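Worksheet: the structure to be examined is printed underneath.
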Amino acid sequence: MEITITLRGTLKKLFGEDKERKVEVPEGCTCDEALQVAGINYREIPNFGFVAVNGMRVMIDDKLSPGDELKAWSRVSGG
Amino acid sequence: MKRLKFAKEKCIGCQLCAQVCSAMKEGEYIPSKARIAIETCYDNGNLKYMDHFCILCGMCAKACPVEAISIGEYIQVDEEKCIGCGACAEKCPKHVVQIRDEIAYICDTCKGDPTCVKTCPQNALTFE
Amino acid sequence: MTNTMLGYQNKVLRIDLTKKGATFEPLRMDFARKYVGSKGLAIRYMYEELEPGIDPLGPENKLFLTTGPLTGTPVPCSGKLSVAAKSPATGTMNDCSIGGHVGIRLKFAGYDMAIFEGKLKEPGYVLIDNDRIRFMDATDLWGLGSHETESILAKKYGPEYSIMSIGPAGENLCVMSCINSDYYRQAGRGGIGAVMGSKNMKAIVIRGTGGVKVNDIVNTTNRIIEILREDVVTEDNDFIFHDGTTAFLEACNDGGILPWKNFSDTTDEKWTEYNGEVLKQYREGKRGCGSCGLGCGNFLKIGDAICEGPEYESISVAGPNAGIRDPEKIVKFNQVADDMGLDTISAGDTIIWAMEMTEKGIHDFGIKFGEADKMIEYLKLMAKNEGVGKDLALGTKRASEKYGGTEFAMQVKGLEYPQYEPRGSWAMSVSYAVSDRGACHMRSYAPNAEVFEASAPPYTGENKGQLVYDLAEFNAIKFSLCICDFWGTITYDIMAELLTRVTGVEWTTEQMAEIGRRVINIGRAFNQREGFDRKHDTVPKRVVTEALKSGPAKGQVIPQEVFDDMLTQYYNVMGWDENGLMPEELIASIL
């Protein structure tokens, strides 16, 4: 299935010039797996933050559906 | 010859320069005795930079009546010769010279490896 | 048991405002060994010196300015000052944290702590010039805004002096009044300004030209510089210099916790109209605190509004939470609040509560969402106790008890909600409920885990008692060293190493956790002695009855039973009973 991935914050540079990328992923794959298809392993990015799908907050192991928009943010921390 | 340079748009007024200078030279964190003093404050609705650092202009050496100050790669004060008259302090355009107990204390760039530059967190201070 | 520790001055300045006298005494090193400094040390002293039941606005309350052993050293982000007293807003203990340069100057003046007792007969200010203390007349300053006061005193004394001052809000004993320094830095919350006002103290002026001695200073300094480069000024922390706290706007908006119109919803699709990118265009300079490394302060001018900031809290409360999107008005709100000496969070929350009250027809406070000019005007009325300001100056708790609308009076114990919606980060509802001074985000900062780094799922109560504790412990020890929040990557290992190197006495990683726990407990013990228990650890009705209608957390509401369960979990983790009470043995063990 096809999904769209957008990166925000300091993660943006991982996609170079592209604002977003469309990727072909297996049915029922997780956000983590979809990012890996796009060349991003969140475990290797110390300031990887959170993800949202179609504007809703989800966790990295939540599953995707066809046509979903997956966004990932870099981390801020503070108070 | 390398000199200290200051880019004020990068300065955050943290005063770490003066703290580490005094640590190396005075054995205490005591900015009032440092050979560098860069601070910022708000003055009349504007951000004001007070940047007192040695630019190696050599005015101190020229002013010294007893030739106690030499200037090569950095400034050195011969404490035996120095009489604490304060002529160097008066002439210093950056107001960095300190006269204490009849001795002049002037920045010597930590003999060419300035600690303040190593410390300045946003690289407002460079040595080039 | 306690060897002499370097880093400390081993000197407390005690000022008797009634008698206009000042004495010096040694620091309680036994307290310091158990509580380190700043937050922890201040609360321990308060537990010792403030009898239960005293009037926070009476002469028996004391104002504690407390530094830590790292203050006045180049340890990055170590320049903040704890400003503590019993809170007029809540009746609990209150410990604020002010940035700028006053903290390091107090330490260089030779003091770990300055304690202000009693009350001046006439408006005055205290001048601390190293070891010379003078009591000065402030009749000409009384009534002036904090900014004008600071300008006058700065002109008189020069930039070597730090000035802490209150505005009309503090003079009028408003429970939301703050103390300002460096014009735009505050000891903000809990009515700390009113404590100064109740003592007729308009300002505290401090100059310090002494030093701080530490162990093995050359090696210690070189190691500090290494840590600065390796762990503080890193790419991960870059956003602090470039954006400051405005970086939280996108994260909170897209993370589902940016509040909208008095927490009635979340998210503003038009957040880019007033965000960090917009504000950056008006920036004139950067500023950080003493010994900072990151420099979060953004000095800007937009229209006739001028301020260092505005911070995330102020942008949110005067922006989306008020239904306002005009960046100039948001900055103006911040400037006027600072000048009047009002906490932007509490004053802002009270005004937006009044907007909802008016729009719902429950009580007409004469202001609706989106009315930015009125919001700014109301700040002045609240500070001066005039017109509708008389009622609003009471804060949301007391005003809602008088007029209704308690379900959406977003406060705990009388301290208003910071700008993070707990329905988007469930543990935060408990963080707010159990915080030692009322609803505060700087104790257990749940959004770090539940949103920004997504290490805990946000919409469940599972394991949240432990999460609230872990985050609270981390901040409690951090703010006792004292290290600013923005050094987010600091670890217990680094804390222990820094303390050991600076003081010359061994501190271990395990002790950091122990002390964090102890600091939480001493705050709770103080409040327990004042009569607080589980029934005061509350959540506003809105959070447990209304589902969010939009945003990344759309549909979320925290069921009351889940809140109750998370709270009980937390008490279990702390070893407190079902009622949130500490057993006697536990209290005895931390003193």
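The values are calculated or read from the model by the stated rules, or taken from the named source; none is laboratory data. These numbers come from a predicted model, not from an experiment. Neighbour counts are summed over all protein chains in view; Cβ atoms, including those assigned to glycine, are modelled from backbone coordinates with ideal geometry. Heavy atoms of the whole protein, side chains included, go into the accessibility calculation; ligands, DNA and RNA do not. Shrake-Rupley method; radii C 1.70, N 1.55, O 1.52, S 1.80 Å.
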Item to check | Extreme residue, farthest from A:GLY16 (Cα to Cα), among residues of segment A:39-55 that are open to solvent by 70 Å² or more (accessible area, probe 1.4 Å) and facing chain C (nearest Cβ under 10 Å) | outcome: A:ASN54
Checklist outcome for this item: Of the listed residues (C:GLN569, C:GLN556, C:GLN560), the one being exposed (fewer than 14 other Cβ atoms within 10 Å of the Cβ) and either assigned by TED's automatic domain parsing to the domain that holds C:GLY424 or closer than 30 Å to C:ALA32 by Cα (or both) is C:GLN560
Checklist entry - Within segment B:58-73, how many residues turn out to be open to solvent by 40 Å² or more (accessible area, probe 1.4 Å) and either assigned to a strand (DSSP E or B) or modelled with pLDDT of 95 or more (or both)? => result 7
Checklist outcome for this item: When C:THR491 is run through (1) under 17 Å from the mean Cα position of the chain (by Cα); (2) among the hydroxyl-bearing types (Ser, Thr, Tyr); (3) within 14 Å of another protein chain (Cβ to nearest Cβ), the failure sits at (1)
Checklist entry - Somewhere in segment C:268-286, is a residue of a type in the set (Val, Ile, Thr), away from chain B (no Cβ under 14 Å), in a loop (DSSP other than H, G, I, E, B) and without any contact (Cβ under 8 Å) to a residue 60 or more places away in the chain? => result no
Item to check | Residues being within 22 Å of C:SER435 (Cα to Cα), open to solvent by less than 40 Å² (accessible area, probe 1.4 Å) and either more than 22 Å from the chain's Cα centre (by Cα) or of a type in the set (Val, Ile, Thr) (or both) - total across segment C:498-521 | outcome: 3
Next on the checklist: If a residue must be away from chain B (no Cβ under 14 Å) and under 29 Å from C:THR73 (Cβ atoms), how many such residues does segment C:132-150 contain?
Outcome noted: 3
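Condition test on B:ALA104, is it buried (at least 19 other Cβ atoms within 10 Å of the Cβ), of a type in the set (A, V, I, L, M, F, W, C) and within 14 Å of chain C (Cβ to nearest Cβ)? Working first, answer last.
Values: buried (at least 19 other Cβ atoms within 10 Å of the Cβ): yes; of a type in the set (A, V, I, L, M, F, W, C): yes; within 14 Å of chain C (Cβ to nearest Cβ): no.
No; evaluated as a whole, the condition is false for this residue.
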Next on the checklist: Between B:LYS5, B:LYS33, B:LYS25, which is touching a Gly at 6+ places or on another chain (Cβ under 8 Å), in contact (Cβ under 8 Å) with a residue 40 or more places away in the chain and open to solvent by 20 Å² or more (accessible area, probe 1.4 Å)?
Outcome noted: B:LYS33
Checklist entry - A:ILE3: more than 23 Å from C:ASN448 (Cβ to Cβ) and open to solvent by less than 20 Å² (accessible area, probe 1.4 Å), yes or no? => result yes
Item to check | Neighbours by Cβ (under 7 Å, 6+ apart or cross-chain): first from segment B:66-92, over 11 Å from B:ILE103 (Cα atoms); second open to solvent by 40 Å² or more (accessible area, probe 1.4 Å) and assigned to a loop (DSSP other than H, G, I, E, B) | outcome: B:VAL66/B:LYS81; B:VAL66/B:ILE83; B:GLU67/B:LYS81; B:GLU73/B:MET1; B:ALA87/B:PRO65
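Could you check, for segment C:8-28, whether at least one of its residues is free of Cβ contacts under 8 Å to residues at least 40 places away in the same chain and not in a strand (DSSP E or B)?
The answer is yes; a qualifying residue exists.
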Checklist entry - Under 7 Å by Cβ, and 6 or more places apart or on different chains, what pairs join a residue from segment A:59-79 that is within 13 Å of chain C (Cβ to nearest Cβ) and closer than 15 Å to A:GLU27 by Cα with one that is open to solvent by 60 Å² or more (accessible area, probe 1.4 Å) and at pLDDT 95 or above? => result A:GLU69/A:ASN54
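Sort out which residues of segment C:220-242 are of a type in the set (Ser, Thr, Tyr) and away from chain A (no Cβ under 14 Å), and write them in order of number.
Scanning segment C:220-242 gives C:THR220, C:THR221.
Please pick out the residue among C:SER291, C:SER316 that is assigned to a loop (DSSP other than H, G, I, E, B), buried (at least 21 other Cβ atoms within 10 Å of the Cβ) and polar (S, T, N, Q).
Working: C:SER316 fails: assigned to a loop (DSSP other than H, G, I, E, B).
One residue alone meets the criteria, C:SER291.
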Checklist entry - Filtering segment C:30-79 down to residues that are of a type in the set (Asp, Glu) and not in a loop (DSSP other than H, G, I, E, B), which residue is farthest from the chain's Cα centre (by Cα)? => result C:ASP30
Next on the checklist: The conditions are (1) within 30 Å of B:ALA34 (Cα to Cα); (2) modelled with pLDDT under 95; (3) of a type in the set (A, V, I, L, M, F, W, C), and C:PHE239 fails exactly one of them. Which is it?
Outcome noted: (1)
Item to check | Per-region count, segment C:245-274, residues open to solvent by 10 Å² or more (accessible area, probe 1.4 Å), farther than 30 Å from C:GLY288 by Cβ and small (Gly, Ala, Ser) | outcome: 1
Checklist outcome for this item: If we keep only residues of segment C:213-244 that are open to solvent by 40 Å² or more (accessible area, probe 1.4 Å) and out of contact with any helix residue (DSSP H, G or I) (no Cβ under 9 Å at 6 or more places or on another chain), then the residue farthest from C:SER550 (Cα to Cα) is C:LYS213
Checklist outcome for this item: In segment C:124-155, anything in a strand (DSSP E or B), open to solvent by less than 30 Å² (accessible area, probe 1.4 Å) and not hydrophobic (A, V, I, L, M, F, W, C) is listed as C:GLY124, C:TYR125
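Quick check: is even one residue across segment C:155-173 among the hydrophobic types (A, V, I, L, M, F, W, C), more than 11 Å from every other protein chain (Cβ to nearest Cβ) and over 20 Å from C:VAL102 (Cβ atoms)?
Yes.
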Next on the checklist: So if I check each of C:GLY193, C:GLY188, which one is farther than 19 Å from C:GLY72 by Cα, within 14 Å of another protein chain (Cβ to nearest Cβ) and out of contact with any Phe, Trp or Tyr (no Cβ under 8 Å at 6 or more places or on another chain)?
Outcome noted: C:GLY188
Next on the checklist: Which residue is surrounded by the most Cβ atoms within 10 Å (Cβ to Cβ), if the candidates are limited to segment A:56-77 and must be small (Gly, Ala, Ser) and modelled with pLDDT of 95 or more?
Outcome noted: A:ALA72
Next on the checklist: Residues to consider are C:ARG542, C:ARG524; find the one that is under 21 Å from C:LEU467 (Cβ atoms) and at pLDDT 95 or above.
Outcome noted: C:ARG524
Checklist entry - Does segment C:59-85 hold any residues that are farther than 20 Å from C:LEU294 by Cα and either open to solvent by 10 Å² or more (accessible area, probe 1.4 Å) or at pLDDT below 95 (or both), and which are they? => result C:PRO59, C:GLU60, C:LYS62
Checklist entry - Quick check: is even one residue across segment C:307-317 farther than 30 Å from C:ARG542 by Cα and β-branched (Val, Ile, Thr)? => result no
Item to check | All positions within segment C:422-481 that are at the interface with chain A (Cβ under 10 Å from one of its Cβ atoms), acidic (Asp, Glu) and over 20 Å from C:PHE263 (Cβ atoms) | outcome: C:GLU453
Next on the checklist: Of all residues being open to solvent by 20 Å² or more (accessible area, probe 1.4 Å) and out of contact with any Pro (no Cβ under 6 Å at 6 or more places or on another chain) in segment C:183-209, which is nearest to C:SER151 (Cα to Cα)? Just the residue, please.
Outcome noted: C:TYR183
